[in-house]
Amino acid sequence: MPSAASIWDSVSTIVDAKGVQENQPRTDEEWARVGANAAALIESANLLTIGKRAVDQGDWVKMAKDMADAAQTALKATTDKNPEGILASGEKINETCDNCHQKYQR
């Protein structure tokens, strides 16, 4: 969750009485931080499929791969410094998390 939240929180628009505030990584360090969290999410997905961690070899493995693929898209967006790519990948990451949690969360 912390790695996914870092990706979700990295690009946003806030509209309030003060106006519109666009948030996104701006420095190389900020982009690298989001990229590191995307890489951690990719590795987390891989770890979910190792040995007895895999609940089954069907949907569990497919859903973990879907999460890794979405996080890979986020990682590429950080390399390209593409905030729109972060938004798109963040939506897909959220979808993969929701799908898995609906089926497997205890």
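If you go through segment 1-34 and keep only what is open to solvent by less than 30 Å² (accessible area, probe 1.4 Å) and more than 10 Å from the chain's Cα centre (by Cα), you end up with SER10, VAL11, GLY19, PRO25, TRP31.
Examine segment 47-67 for a residue that is outside any helix (DSSP H, G or I), surrounded by 15 or more Cβ atoms within 10 Å (Cβ to Cβ), of a type outside the set (Gly, Ala, Ser) and free of Cβ contacts under 8 Å to residues at least 40 places away in the same chain, and state whether such a residue exists.
Within segment 47-67 (the criterion being outside any helix (DSSP H, G or I), surrounded by 15 or more Cβ atoms within 10 Å (Cβ to Cβ), of a type outside the set (Gly, Ala, Ser) and free of Cβ contacts under 8 Å to residues at least 40 places away in the same chain), the answer is yes, since at least one residue qualifies.
The residues of segment 68-106 that are part of a helix (DSSP H, G or I) and among the polar types (S, T, N, Q), listed by number, are GLN72, THR73, THR78, THR79, SER89, ASN94, THR96, ASN99, GLN102.
Taking residues in segment 89-101 that are touching a residue at least 60 places away in the same chain (Cβ under 8 Å), and partners anywhere that are open to solvent by less than 10 Å² (accessible area, probe 1.4 Å), the pairs with Cβ atoms closer than 6 Å and at least 6 places apart or on different chains are SER89/ALA70; SER89/ALA74; SER89/ALA77; GLY90/ILE7; ILE93/ALA4; ILE93/ALA70. Could you please let me know if ALA77 is modelled with pLDDT of 95 or more, within 24 Å of GLU22 (Cα to Cα) and hydrophobic (A, V, I, L, M, F, W, C)? Yes; evaluated as a whole, the condition is true for this residue. Of all residues assigned to segment 25-47, at least one qualifies as being of a type in the set (Ser, Thr, Tyr) and farther than 22 Å from ASP98 by Cα.
The values are calculated or read from the model by the stated rules, or taken from the named source; none is laboratory data. On a predicted model such as this, the values are computed, not experimentally measured, just so you know. All Cβ positions, even for glycine, are placed from backbone atoms using ideal geometry, and neighbour counts span all protein chains on display. Calculation scope for accessible area: heavy atoms of the full protein, side chains included, ligands and nucleic acids excluded. Shrake-Rupley method; radii C 1.70, N 1.55, O 1.52, S 1.80 Å.
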